[in-house]
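As structure tokens, the structure follows; a few thoughts come after it.
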Amino acid sequence: GAVVSQHPSRVICKSGTSVKIECRSLDFQATTMFWYRQFPKKSLMLMATSNEGSKATYEQGVEKDKFLINHASLTLSTLTVTSAHPEDSSFYICSATGWARGEQYFGPGTRLTVT
Amino acid sequence: GQQVMQIPQYQHVQEGEDFTTYCNSSTTLSNIQWYKQRPGGHPVFLIQLVKSGEVKKQKRLTFQFGEAKKNSSLHITATQTTDVGTYFCAGPNSGGSNYKLTFGKGTLLTVNP
């Protein structure tokens, strides 16, 4: 159990375009989903916390108008990188939690490359 | 704000040697969680410790939670090549959502066969 999928796994886009990444909890209802960014050989940087039916809470320094998050249901959250630039190239990982203990289950990640 | 520190940042061992990574929080934690990320993969939840002084074992892995609930350690006995990866500790964000975690920077373990 506790499987989280992410799509796409890899995406290459041109500068100025937008990219949508989907995160789904496959076998449980996620009360909360998180979006992280990870640079090579670095730790996880939390970008935002997403709760179903409400606005996402963004971490300091993360532009909410650039990284749009929609949490339409208890099993789906999306992250849209708008007007992408090369500096947005990174590994984006979502996680989901549905338990009182708060452990997080991570998706396989999306490698975004902006050319 | 809350900080979670991990040492060492990197550790290279010969297969069969033991390995330990240490985690320290700037604040008292309600629980500590450990995750493993294989190269090219995503973090995978390993375990959660809740009680002061708690010790849990998973085969060759031993997890400890300090008496003051501010530090933790992960010890691997007789490492194998399958243990390669980055080990992260994480604690709930103090003062905020119980679900939000603050992650340490991780310890990258490499094992020489």
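Gaussian network model of chain A, Cα springs within a sub-10 Å range: biggest mean-square fluctuation belongs to which of A:SER90, A:SER43, A:SER77?
Judging by the Gaussian network model, the answer is A:SER43.
Two decimals is fine: what's Rg over Rh for the protein assembly as shown, C-alpha atoms, Kirkwood radius as Rh?
0.98
Please state the charge dipole magnitude for chain A, taken about the Cα centre, from unit charges on C-beta atoms (+1 on K and R, -1 on D and E), reported in debye and rounded to the nearest 20.
260 debye
Pop out a list of residues from region A:34-59 that are at least 50 Å² less accessible with all the protein chains around than in their chain alone; 1.4 Å probe, no ligands or nucleic acids counted.
Going by heavy-atom accessible area, the residues of region A:34-59 that drop by at least 50 Å² are A:SER43, A:LEU44.
Please name which of A:VAL62, A:LEU112, A:CYS94 has its Cα lying farthest along the dipole of region A:60-115 towards the positive end, using unit charges on Cβ (Lys, Arg +1; Asp, Glu -1) and the Cα centre as origin.
A:CYS94
From the protein chains alone at 1.4 Å, what is the descending order of accessible area for A:HIS71, A:HIS85, largest first?
Listed by decreasing accessible area, they come as A:HIS85, A:HIS71.
Debye sum, Cα scatterers, chain A, no solvent: what log₁₀ I/I(0) at q = 0.21 1/Å?
Ignoring solvent entirely, the Cα scatterers give -1.15.
List the Cys residues of the protein assembly as shown that have no partner Cys with a C-beta closer than 4.7 Å.
A:CYS13
At a probe radius of 1.4 Å, figure out the B/A buried accessible area, summed over both chains, and give it in Å² to the nearest 100.
Summing both chains' loss of accessible area gives about 1600 Å².
Hey, could you pull the Cα Rg and Dmax for chain B, both in Å?
Every Cα atom of chain B included, Rg and Dmax give 13.5, 44 Å.
Treating the beta-carbon of each Lys and Arg as +1 and of each Asp and Glu as -1, no other charges, what is the dipole magnitude of chain B about its Cα centre, to the nearest 20 debye?
Dipole of chain B, to the nearest 20 debye: 340 debye.
Given a Förster distance of 25 Å, report the FRET efficiency between B:LYS51 and B:GLN80 from their Cβ-Cβ distance, rounded to the nearest 0.05.
The value I calculate is 0.30.
Using 5 Å bins from zero, what percent of all Cα-Cα pairs in region A:1-61 falls into each bin?
Going from the shortest bin to the longest, the percentages are 4, 13, 18, 25, 24, 12, 4, 1.
With every protein chain present, what is the per residue accessible area of chain B (1.4 Å probe, Å²)?
That works out to 48 Å² for each residue.
Rounded to the nearest percent, how much of the accessible area of region A:45-104 (1.4 Å probe, protein heavy atoms only) is carbon and sulfur?
Heavy-atom surface of region A:45-104 belonging to carbon and sulfur, 1.4 Å probe: 51 percent.
Over chain A, what is the relative contact order in whole percent, taking alpha-carbon pairs under 8 Å and six or more residues apart?
Here the relative contact order equals 37 percent.
Could you work out the relative contact order of chain B? I mean the mean sequence separation of Cα pairs under 8 Å and 6+ apart, divided by the number of residues, in percent.
That works out to 36 percent.
Between B:ILE7 and B:SER30, 0.36 nm times their residue separation minus their Cα-Cα distance comes to what?
Length gained, B:ILE7 through B:SER30: 6.2 nm.
In debye, nearest 20: dipole of the protein assembly as shown around its Cα centre with unit charges on the Cβ of K, R (+) and D, E (-)?
Computed about the Cα centre, the dipole is about 60 debye.
The values are calculated or read from the model by the stated rules, or taken from the named source; none is laboratory data. In this text the structure is predicted, and so the values were computed from the model without any measurement. Because the Cβ atoms are built from the backbone with ideal geometry, glycine has one as well, and the counts that use them run over all protein chains shown. What goes into the accessible areas is simple: the full protein's heavy atoms, side chains included, and nothing from ligands, DNA or RNA. Shrake-Rupley method; radii C 1.70, N 1.55, O 1.52, S 1.80 Å.
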